[in-house]
Amino acid sequence: MTTPPREPNLSPTLAALTELGRDRVTEASRIELDRGLGLLNARLAASRAQRRALGRYSLVGTVAVVSILVTAYFTSLARHVPITPPPQLTYRIEGGRVLDGGYLREEGPEGMAVTFSEGSTLKLTPGTRGRLRSITREGARIAVDRGTASFRITPNPARHWWIEAGPFVVSVKGTVFDVSWEPSIERFALELREGIVSVAGPVSDGTLTLRPGQQVVVNLTRSETIITDGQPAKDTVGEPEASEVRRADLALPSATTAPPLPPSALPGSAKTPSPATSVTEVRSWTQELASGHWDRILAEVNRVGIETALNRASSEDLFALADAARYRRQVDLARDALMTQRRRFPNSPRATDALFLLGRVEESRGGAATHALAWYDEYLRRAPSGGFAAEALGRKLIISKETHSTVQTRSIAEAYLRQFPKGSYAGTARAILRAP
Amino acid sequence: LSFEDPDTLVDRSWSTTDVESLDVLRRFYKLLERLTPRDRLVFILRRMQSMTVEEVALHMQLSESTVKRSLNHALERLEHWVAADPELTRIVNELRGVP
């Protein structure tokens, strides 16, 4: 008999990756929990039914006959209780079949079509690989592993659909759209015909909200996000795109009203675009950032000079510049942009947010931990319930774990859990408090 | 976690909009996807869900020896892949504030 080897210690990199994965994965969603609860209930129901059936077998006479019938009934019921609770959504498939694991396999040259009982449809173009990941009372989760799929989701406020395409998740209520994912070139595309969808994934701000007629193409290898703004498909069938204007329409409340393109970051060089003809419009740094064009921002700064750029950029674009610089590891430029933000726009909300980001920059610079902590403390003092409060306290926790005493770290962990029990760092905080 | 199909990676949404972290997580998940389903699930349960070896064995209906071997296999492979990707190490070190 061989003895299994001892569990080795992780290298610092793998340990950091594991910790990041543990900290940054959110708690299970309500649907995931409900699905798990349904699974448990189904198993318990099956178990109870079998016990009842056995009990009834012990009766005699006419009771025995009834018992046999009841037994037969429950046995039949138990046999048909599925692992997952009976879904209200059912579906039928044309042009293929479902394999284990929900894999959709086409069996013909026409592609596949899945029609759900409430009217929603899914069509896979020939060669597309997809999966039915879960189907519950609340909706369905479908993965497009490769290729293009067209969805027509019947609006229903009680249901929610998620479409996974590579690292992207499309959140849907009721809408019509095409989605494609090509893993070999890491290209995601979505064309929205009706309704509204949000796309989460490695895009600039984490989430995009699209309106009818818009198409988004994300090229991960080029760090590029392009949103093409056309007319809703139902109005433009057979017509060319209404415009080729590239837009970055992030999930901000004002974005849904299709605002005009803002002026350039550098007022002196701005041109007013004509909405009807602006094929090559001047774009703000915020837009460039949203499109993943970090290098364009940095190139423009180099072209006009850092000092000029910092002194002339708007508050919004200084923030975009700081982000672009951070993403490209130009931490000194990021720091300068954030400090300029605080100097030129001291009363703006971004000046407060800059405090947190300065802490992040200090961490990236590998400087003294106390400097980063000072920025986080200042942010938390000025914005105790601000948008970065959870992250600031979480970063304090991580830094403290590495540099401070256990007592101090435990105190921060307790504070974090009090304020953000479901926050990104809650797992780390609990682990710290569990440790002897 | 036991609600998940063991053949599919546990892929809940990420609660961060930090681009660097998202990029690192994406790379890490790609490495996890290269593991066998059993090794992957053992690694996630033991190292990311902080279960004990006994708990992992109970949930996966495996012997504890098998869990330990599977975990060591997963760790060996992950360490090898991480070592072969210096760019990943560099980014992780920057996120950790290591010069």
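Just so you know, all these numbers are worked out from the coordinates, no wet-lab data involved. None of the values given here were measured: they were computed from a predicted structure. Here Cβ is always computed from backbone atoms with ideal geometry, including for glycine, and neighbour counts include all displayed protein chains.
To the nearest whole number, what is the average tally of beta carbon atoms from other chains within 10 Å of the beta carbons of peptide B:21-28?
Values: counts 4, 6, 4, 6, 7, 6, 1, 7.
Mean shielding by partner chains, rounded to a whole number: 5.
Just the number, please: Stokes-Einstein D of the stretch A:294-396 in µm²/s, Kirkwood Rh from C-alpha pairs, 10 °C, 1.306 mPa s. Before the final figure, lay out the partial values.
On the way: Rh = 13.6 Å.
It diffuses with D of about 117 µm²/s by this estimate.
Could you tell me the largest-minus-smallest coordinate of the C-alpha atoms of the stretch A:140-191 on each of the three principal axes, in descending order and whole angstroms?
Principal-axis extents of the Cα atoms in the stretch A:140-191, largest first: 36, 16, 10 Å.
Between the stretch A:322-361 and the stretch A:148-166, what's the alpha-carbon centroid distance in Å?
Measuring centre to centre over Cα atoms gives 38 Å.
Which cross-chain or sequence-distant (5 or more) residues have an amide H under 5 Å from the amide H of A:E224, H modelled 1.01 Å from N in plane?
A:N219
What does the stretch A:116-216 give for Rg and for Dmax, in Å, if only its C-alpha atoms count?
Computed over the Cα atoms of the stretch A:116-216, radius of gyration and Dmax are 12.5, 37 Å.
May I ask you to derive the relative contact order of the stretch A:382-436, considering only C-alpha pairs under 8 Å and at least 6 residues apart, and to give it as an integer percent? Don't jump to the answer; show the numbers that get you there.
Numbers: 38 pairs, mean separation 18.5, N = 55.
For the stretch A:382-436, the relative contact order is 34 percent.
If each residue's Cβ is checked for other Cβ atoms within 10 Å, how do A:T209, A:T406 rank with the fewest at the top?
Values: A:T209 18, A:T406 13.
Ordered from fewest to most neighbouring Cβ atoms within 10 Å, A:T209, A:T406 come out as A:T406, A:T209.
Fewest to most neighbouring Cβ within 10 Å: what's the order for A:T90, A:T409? Could the numbers behind the result be given before it?
Working: A:T90 11, A:T409 22.
Fewest to most other Cβ atoms nearby, the residues stand as A:T90, A:T409.
Can you sort B:R96, A:R193 so the residue with the fewest Cβ neighbours within 10 Å comes first?
On the way: B:R96 18, A:R193 21.
Starting with the residue having the fewest Cβ neighbours, the order is B:R96, A:R193.
What number does the stretch B:26-99 give for Rg over Rh if you use C-alpha atoms and the Kirkwood radius?
Working: Rg = 13.8 Å, Rh = 13.1 Å.
Rounded to two decimals, Rg/Rh equals 1.05.
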